[in-house]
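The values are calculated or read from the model by the stated rules, or taken from the named source; none is laboratory data. Every value quoted in this text rests on a predicted model; they were computed, and no experiment measured them. Using ideal geometry, Cβ is built from the backbone for each residue, glycine included, and neighbour counts are taken over all protein chains shown. Side chains are part of the model used for accessible areas, which takes the heavy atoms of the whole protein and leaves out ligands, DNA and RNA. Shrake-Rupley method; radii C 1.70, N 1.55, O 1.52, S 1.80 Å.
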Amino acid sequence: MIFIPLPFVVALLLVLLFLSVVQRNNEHPTNFAFLALIALAAMQSALIGLRFGYGVEWLRFLSPLIASVMAPVVYFGSLHLAKPSPYEKTLTVASHGIPLLLVSLSMLAWPLALDVIIIGTFIAYAVLLLLLLRSGEDSLRLVALEGVGTVHRALVFAALVLLFSAAIDTLITFDIAFMDARHLPQLVSVGNVATLLFLSIAGAVASRGRAPEDHAPPPVRMQPEPEAPDDPVIMNKIEELMTKTRIYRDADLNLDRLARRLITPARQISGAINRTTGKNVSQYVNDFRISEACEQLRSGTKSVTEIMFDAGFQTKSNFNREFRRVTGMTPLEWRKAKGLQQEFEA
């Protein structure tokens, strides 16, 4: 019987995941960093299979090089969704190549430092990613509000996976140093391969949070942020925009686009909404969407699916989740509770 190592199976799954993400992104701007992450993970998993399944030892020189760029790629893909400051952009460009450079130099001159560099890289980028996401869902200013919660959770999960990978590599280093590498194949084949799979899944989910192409007029120069934002004034502006233009119907609406329409810094908008309503921007906008959905459900002229799209939602799962958050019921339960007996198309 032909032996097929687990890493090869995972590599095949990752290739299928890569193709799935490519196909899904055909109609939308692609986050190439997350695509690169999945491709690198598939390559790394295949290398692990060749090394520990078939004894191709020279491949051990390639694996550290790939590992050194995976964490920066995760961070770069996340920056693409967060509209970083010029300082963050500069830091990213300057730092992306440093782990790869250090790993290359270590392989040539100081092999004993190799594991420390890779572990430190994963921990450092996990911390950077969590700092980038510290403002919650409102950190992802370029993600459509409907899916921002899912994308935020996926990126937090990615940061935790990076920390998990650092822990696994620490165990591998300990095993080599003190236990004659007795558990090395198991730790690499199971621990590292699991890391590659989980990290790729997180990247695939996060890639759904595309930054939509914006055909709006060039951004108006925003007013400087005051030291003490006037929350009532800002909230009046937001509510007026929501009620008069029904901008919440735009399925690609995000915090950055909202800021441009209001000619108000995004930080002031999210801060005013957070402090006034106790909600994030996504929840606040979805409240308007659910309110309209309830009005349309009450009228009894459209199916639930039509109402979902009209209100600005793109997925039934998110629509049902937000509807239950606001009303405590699903759309069909709400309709029945209101005495509306007409059956709608699901």
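Of everything in region 27-75 that is free of Cβ contacts under 8 Å to residues at least 12 places away in the same chain and not in a helix (DSSP H, G or I), the residue that is surrounded by the fewest Cβ atoms within 10 Å (Cβ to Cβ) is 55. For region 139-161, which residues satisfy the criterion of being more than 13 Å from residue 206 (Cβ to Cβ) and either modelled with pLDDT of 90 or more or surrounded by fewer than 21 Cβ atoms within 10 Å (Cβ to Cβ) (or both)? 160 - this is the single residue of region 139-161 that is more than 13 Å from residue 206 (Cβ to Cβ) and either modelled with pLDDT of 90 or more or surrounded by fewer than 21 Cβ atoms within 10 Å (Cβ to Cβ) (or both). Condition check: at pLDDT 90 or above and either open to solvent by less than 10 Å² (accessible area, probe 1.4 Å) or basic (Lys, Arg) (or both). Does residue 237 satisfy that? The answer is yes for residue 237.
Within the bounds of region 174-184, is there any residue that is of a type in the set (A, V, I, L, M, F, W, C), surrounded by 16 or more Cβ atoms within 10 Å (Cβ to Cβ) and in contact (Cβ under 8 Å) with a residue 12 or more places away in the chain? So far as region 174-184 goes, no, none of its residues is of a type in the set (A, V, I, L, M, F, W, C), surrounded by 16 or more Cβ atoms within 10 Å (Cβ to Cβ) and in contact (Cβ under 8 Å) with a residue 12 or more places away in the chain.
Of all the residues in region 76-110, those that are open to solvent by 50 Å² or more (accessible area, probe 1.4 Å) and either modelled with pLDDT of 85 or more or aliphatic (A, V, I, L, M) (or both) number 13. For region 318-341, the set of residues classified as part of a loop (DSSP other than H, G, I, E, B) and of a type outside the set (D, E, K, R) consists of 328, 329, 330, 339, 340, 341, listed by residue number.
Among what's in region 116-137 and is touching a residue at least 60 places away in the same chain (Cβ under 8 Å) and out of contact with any Gly (no Cβ under 9 Å at 6 or more places or on another chain), pick the residue that is least open to solvent (accessible area, probe 1.4 Å). Top of the filtered list is 136.
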